[in-house]
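**Q** One structure coming up, written as structure tokens, with questions to follow.
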Amino acid sequence: MGFKDPKLFNIAMLGKQGWRLMTNPESLCARVLKGKYFPHGDFLGSRNKKNSSHTWRAILAGRKVLELGLIKRIGDGLSTNIWSDRWIPDAFGCKPICPKEGATATLVCDLLQPDGRAWNEQALEQNLLTIDSNAVRRIPLGRFNEDIWAWSGERHGLYTVRSAYRILAEKEDQERNYGAQQSSHSLKNNDPIWRKLWSVKVPPKVRVFWWRVTHDFIPSKANLHHRHIERLGGCEICGAKEETTFHALTECTFANIYWGKLKELTGIKLPKLCPRTWTIDLLNDAICSEHDRGIILCGMWSLWNSRNDRRHGKAPIEPKKAILWAVDACVELLHATKSHTGESMPRLKEKWERPPVGSLKLNIDGAFDAESFSGATGAVIRNSTGSFVAAAGRRLNSVASVLMAEAEALRDGVKLIPHGVRENVLVETDSSELAGLWRSRREARSEITAILHEVEIVVAGLSSFSVRHARRKYHT
């Protein structure tokens, strides 16, 4: 899992216990520890007493990672201190830089309108510096609910040992003398291949996979045979004498079917590649364009995993499904980082489908401009005959991310559902993250939790309501 420092790993594990005390205060363990160590306070403010047990001391040791990654999700603002609590995602340290001269507000509720549904512009200007007030405006608000602690290291807002370890490791790196480390990084940064690989707009796991491919660290049958792990190095699928990485990903019968399907669905063709330089050739703009490169590399990752599934007795992913994943993963990243590009993205030959009889379909989309932190929403409802029911669009003057723009589009969309309707409503969005957070909304503590909570209240009277991911250009 990549845990190189046992000490940091142990602290991250102990932090999990502190997280459980905070998020499940009614558990027997939490009530016993509270009664003994902080009966009149909270876990974050508790101290290590003289006769503390080893268990309690260990939990307090893990608290330091919580102090680095915790953040408040704003509901009614009654329990969040403006100046001492971490609550502004885009601010340094998640806190305001300093109070404005003459500031009088203490709690976040002092910055809200009386109904709690919007920020009080006058209060923001009176109490916060401009840079902080702009960041606060990007925090979404919903209906009244309590402020909750969340974990800033994950988009879903839940503590994970992996993200806690990463935060601790980053902090330790910042505190070290960077001399030798910076010199080694400078060597890597001077390598054009290194720079090109890490600038490719693909998921990190695909980038790491391709780094392994370029160094031939992939456990192909030929590599395993050379290391005396496998008795034979031939390809189990097509019977080729040697299953090299190049063969497995480009020449094999299974690979040919895959790349043929990719061309059929997207029009993208795998370029002719030289076995000696193919991994570098795919990073060359003269051979492969940027958006083709992203989809091809995602396809390579998906193809390799399909081969592994087949080898280990699992049913391999169908080529079409693997290709759809590759297209979705690449398009999402390119759309987020190059929203104003003139390049057209590959489109799958699919079309919008009508909902079942007696149902409504709501298609939503959100746009986000990272430079101005602005965006827009769009939503349209159609019935089972495909006929138009309602639509809406809105400009967002302050929004923090593309995920938040998608969530605002969902909130706008459900308000379009005709009053008194009890039909099934199916929502389609091109954000797989939004669909996943909706399914886990009861547990998640994400930046859009307040919006999802409001949506849940609005759709409570429907016979069924679901949010699913649909590919871009497919759900419109």
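Each reported figure results from applying straightforward, stated rules to the coordinates on display, with no laboratory input. Note that the structure is predicted; figures quoted are calculated from it, not measured. Cβ placement follows ideal geometry from the backbone for every residue including glycine, while neighbour counts extend to all protein chains displayed.
**Q** Using modelled amide H (1.01 Å from N, peptide plane; none on Pro or chain starts), what sits under 5 Å from the amide H of Leu360, excluding residues fewer than 5 places away?
**A** Asn424, Val425, Leu426
**Q** Angle, helix 161-175 long axis vs. longest principal axis of the chain, Cα atoms, 0 to 90°, nearest 10?
**A** 80
**Q** Turning to a different aspect of this structure: With an 8 Å cut-off on Cα pairs and a minimum separation of 6 or more residues, tell me the relative contact order of region 53-126 in percent. Intermediate values should be presented prior to the final figure.
**A** Values: 74 pairs, mean separation 17.2, N = 74.
Across region 53-126, relative contact order equals 23 percent.
**Q** Here is a follow-up. About the Cα centre of the chain, what is the dipole size in debye to 20, counting +1 per Lys and Arg Cβ and -1 per Asp and Glu Cβ, all else neutral?
**A** Numbers: 70 positive and 53 negative charges, 306 e Å.
In total the dipole reaches around 1480 debye.
**Q** Separate question: Distance check, please: which entries in Lys221/Lys314; Lys269/Lys351; Lys49/Lys72 exceed 25 angstrom between their Cα atoms? Each step should come with its number before you reach the end.
**A** On the way: Lys221/Lys314 18 Å; Lys269/Lys351 22 Å; Lys49/Lys72 27 Å.
Beyond 25 Å: Lys49/Lys72.
**Q** Something else now. Going through region 67-124, which chymotrypsin sites (Phe, Trp or Tyr not before Pro) have at most 14 other Cβ atoms within 10 Å and a DSSP loop state? Write out the running numbers ahead of the final one.
**A** Details: sites: Trp83, Trp87, Phe92, Trp119; in loops: Trp83, Trp87.
Taking region 67-124 and a limit of 14 other Cβ atoms within 10 Å, the loop chymotrypsin sites (Phe, Trp or Tyr not before Pro) found are Trp83.
**Q** Classify the chain as rounded, prolate or oblate, taking a ≥ b ≥ c as the square roots of the eigenvalues of its Cα gyration tensor: rounded when a/c is under 1.5, otherwise prolate if a/b is larger than b/c and oblate if not. Before the final figure, lay out each step's value.
**A** Numbers: a/c = 1.88, a/b = 1.28, b/c = 1.47.
Oblate shape, in that a/c is at least 1.5 and b/c is the bigger or equal ratio.
**Q** For each of His247, His215, count neighbouring Cβ atoms within 10 Å of the residue's Cβ, then give the residues from fewest to most. Write down the numbers at each step before the final one.
**A** Working: His247 21, His215 9.
Least to most surrounded, the residues fall as His215, His247.
**Q** Taking a cut-off of 17 Å, what percent of all Cα-Cα pairs in region 187-316 are separated by more than that? Kindly include the intermediate steps, with their values, before the conclusion.
**A** Working: 5027 of 8385 pairs.
When every Cα pair of region 187-316 is considered, 60 percent fall beyond 17 Å.
**Q** Starting with the highest mean, order 436-448, 403-415 by the number of other Cβ atoms within 10 Å, averaged over the residues of each peptide.
**A** Values: 436-448: 18.7, 403-415: 23.3.
The peptides rank, most packed first, as 403-415, 436-448.
**Q** Do you know the relative contact order of region 230-271, to the nearest whole percent, from alpha carbon pairs under 8 angstrom that are 6+ apart?
**A** Working: 27 pairs, mean separation 9.8, N = 42.
Computed over region 230-271, the figure is 23 percent.
**Q** Exposure proxy check: Thr160, Thr244 ranked by fewest other beta carbons within 10 Å? Working shown, then result.
**A** On the way: Thr160 16, Thr244 19.
If I rank by nearby Cβ atoms, fewest first, I get Thr160, Thr244.
**Q** Based on DSSP, what percent of beta bridges with both residues in the chain are antiparallel, to the nearest 5? Present the calculation step by step, with values, prior to reporting the outcome.
**A** On the way: 23 of 34 bridges.
That works out to approximately 70 percent antiparallel.
**Q** For the chain, what does the helix formula give at 222 nm: sum of -39500 (n - 2.57) over DSSP H segments with n ≥ 4, over the residue count, nearest 500 deg cm²/dmol?
**A** Working: 17 runs with 199 residues, N = 476.
Helix-only estimate at 222 nm: -13000 deg cm²/dmol.
**Q** Output the 0 to 90 degree angle, nearest 10, between the alpha-carbon long axis of helix 319-337 and the longest principal axis computed from the alpha carbons of the chain.
**A** Helix 319-337 and the main axis of the chain meet at about 50 degrees.
**Q** Averaging sequence separations of C-alpha pairs under 8 Å and six or more residues apart, then dividing by the length of the chain, give the relative contact order as a whole percent. Intermediate results must be reported in sequence, preceding the final value.
**A** Values: 722 pairs, mean separation 58.0, N = 476.
About 12 percent, as a whole number.
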